[in-house]
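Below you'll find the structure, written out as structure tokens, and then a few comments.
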Amino acid sequence: MAAAARWGRWAPIVGVLLLALLMLPFAPAPASAATPARSPLSSASSAVFLLSGDVYPVGHYYVTMNIGDPAKPYFLDVDTGSDLTWLQCDAPCQSCNKVPHPWYRPTKNKLVPCANSLCTALHSGLSSNNKCASQQQCDYQIKYTDKASSLGVLVTDSFSLLLRNKSNVRPSLSFGCGYDQQVGKNGAAQATTDGLLGLGRGSVSLLSQLKQQGITKNVLGHCLSTSGGGFLFFGDDMVPTSRVTWVPMVKSSSGNYYSPGSATLYFDRRSLGITPMEVVFDSGSTYTYFSAQPYQAIVSAIKGGLSKSLKQVTDPSLPLCWKGQKAFKSVFDVKKDFKSLQLIIGKNAAMEIPPENYLVVTKNGNVCLGILDGSAAKLKFNIIGDITMQDQMVIYDNERAQLGWIRGSCSRSPKSIMSSFP
């Protein structure tokens with residue numbers, strides 16, 4: 001999942017619970033909202049967005065989305081680990097963060113009714129307390145593992161998208177109007193984004209809605225730069241035609257996540273001797289999280305090969321850090337002292353994880369391990385987060401049920417970036 005909390009980001013979503021008895025600040029809608037009309041486009045295309053942010057110190061990558069009529073810009077945290085897109089919302093707001101733009105202001109005719117299929121999908125398979133407080137609106141409450149939460153109601157509004165075929169489209173898409181957020185120690189804290197862009201596998205995901213309306217295929221990809229920024233795309237006409245490592249997408253035992261199934265960890269081409277572990281790809285997680293056994297194996301392997309010039313030191317940014325003889329300015333100053341990891345998925349699909357894909361240099365000039373102990377964060381599965389996905393295009397192909405990646409620089413414009421991928 002996403003935004004700011006433990007070590008810089010919310011942990012993955014653990015559930016969506018309906019608050020059935022809550023009386024919302026909205027008055028009942030006068031009529032049921034209609035299902036958005038199918039796009040008249042004769043063929044699907046791709047939408048491309050530039051990204052801002054980084055792994056450190058921002059802690060996430062985010063995109064600007066233009067929403068409403070007239071369209072207004074909002075910064076949304078890109079999260080492939082959850083389905084629901086939501087904005088901090090003046091409905092009126094009961095508890096919201098200070099955000100970069102004015103809170104989204106809905107109108108009553110934008111409410112999604114309880115009987116809408118997206119509301120049903122959002123609530124299905126969850127707690128037994130899943131009845132709408134009012135048939136005129138669809139309430140939601142999302143809770144995250146770090147005890148952060150978003151409470152609100154589903155609304156529908158237009159999104160302004162520029163497609164690669166030069167078409168400007170304004171589909172009506174459903175998302176959360178969050179009027180009660182609990183983030184960190186103080187709900188009034190400053191946030192770097194206005195909300196969250198949910199790109200998971202569920203039908204309420206923005207990507208699924210675009211597919212349903214015939215605007216783009218149910219494929220997305222992102223390219224996160226180690227130097228910050230990058231790009232995001234919806235649709236399949238930016239997917240490279242060769243050299244992509246593809247693996248089947250499997251149903252995760254931990255939820256509706258993007259998972260290639262089991263993976264084995266190697267350090268400097270040597271097996272760490274641990275049991276294969278299930279992993280999920282989650283752009284909503286800043287760092288990579290492994291359960292206790294693989295995490296401890298990685299820490300032992302890294303420590304065993306370190307130069308004596310590196311001394312372990314306490315740094316508030318991350319749990320395990322080292323200092324050198326002088327302050328480091330970037331990971332590239334120190335990467336020679338560390339070996340690469342390899343993640344072997346299935347029989348022979350390999351994701352190379354060089355030091356710059358698991359290390360962070362902090363503002364204190366220390367180098368820190370960006371792989372964290374998932375058991376300490378009370379996670380029940382292993383997450384490949386942003387730090388490990390940097391400088392490679394990662395593709396989530398829901399049409400063919402496969403995940404792919406191909407390494408290349410993500411630090412330029414989308415057009416020039418594409419020249420580095422076949």
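The values are calculated or read from the model by the stated rules, or taken from the named source; none is laboratory data. Since the model is a prediction, treat every value here as computed from it, not as a measurement. Heads up, the Cβs are rebuilt from the backbone with ideal geometry, glycines too, and the neighbour counts pull from every protein chain shown.
When the range 263-286 is limited to residues that are outside any loop (DSSP other than H, G, I, E, B) and among the polar types (S, T, N, Q), the one that is surrounded by the fewest Cβ atoms within 10 Å (Cβ to Cβ) turns out to be SER271. Screening the candidates ASP268, ASP333 for the property of being of a type outside the set (Ser, Thr, Tyr) and in contact (Cβ under 8 Å) with a residue 40 or more places away in the chain yields one hit, ASP268. Scanning the range 229-255 for residues that are within 22 Å of LEU343 (Cβ to Cβ) and of a type in the set (S, T, N, Q) yields SER242, THR245, SER252, SER253, SER254. Screening PHE328, PHE332 for residues that are more than 24 Å from ASN382 (Cβ to Cβ), out of contact with any Asp or Glu (no Cβ under 6 Å at 6 or more places or on another chain) and assigned to a helix (DSSP H, G or I) leaves exactly one candidate, PHE332.
From the list SER340, SER317, the one residue that fits, being polar (S, T, N, Q), under 18 Å from GLN390 (Cβ atoms), modelled with pLDDT of 95 or more and surrounded by fewer than 17 Cβ atoms within 10 Å (Cβ to Cβ), is SER340. Taking first residues from the range 120-144 that are more than 26 Å from GLY284 (Cβ to Cβ) and partners that are surrounded by fewer than 18 Cβ atoms within 10 Å (Cβ to Cβ) and modelled with pLDDT of 80 or more, the Cβ contacts under 8 Å between residues at least 6 apart in sequence or on separate chains come to GLN135/ALA115.
The listed residues are ALA37, ALA71, and the only one of them that is of a type in the set (A, V, I, L, M, F, W, C) and at pLDDT below 95 turns out to be ALA37.
List every residue pair whose Cβ atoms lie under 7 Å apart, where the two residues are 6 or more positions apart in sequence or sit on different chains, the first residue falls within the range 230-241 and is over 17 Å from MET389 (Cβ atoms), and the second residue, located anywhere, is of a type in the set (Lys, Arg). Going by the 7 Å Cβ cut-off, the qualifying pairs are GLY235/LYS217; ASP236/LYS217; ASP237/ARG164. Considering the range 239-262, the residues that are on the phi > 0 side of the Ramachandran plot and assigned to a loop (DSSP other than H, G, I, E, B) include one that is modelled with the lowest pLDDT, namely GLY255.
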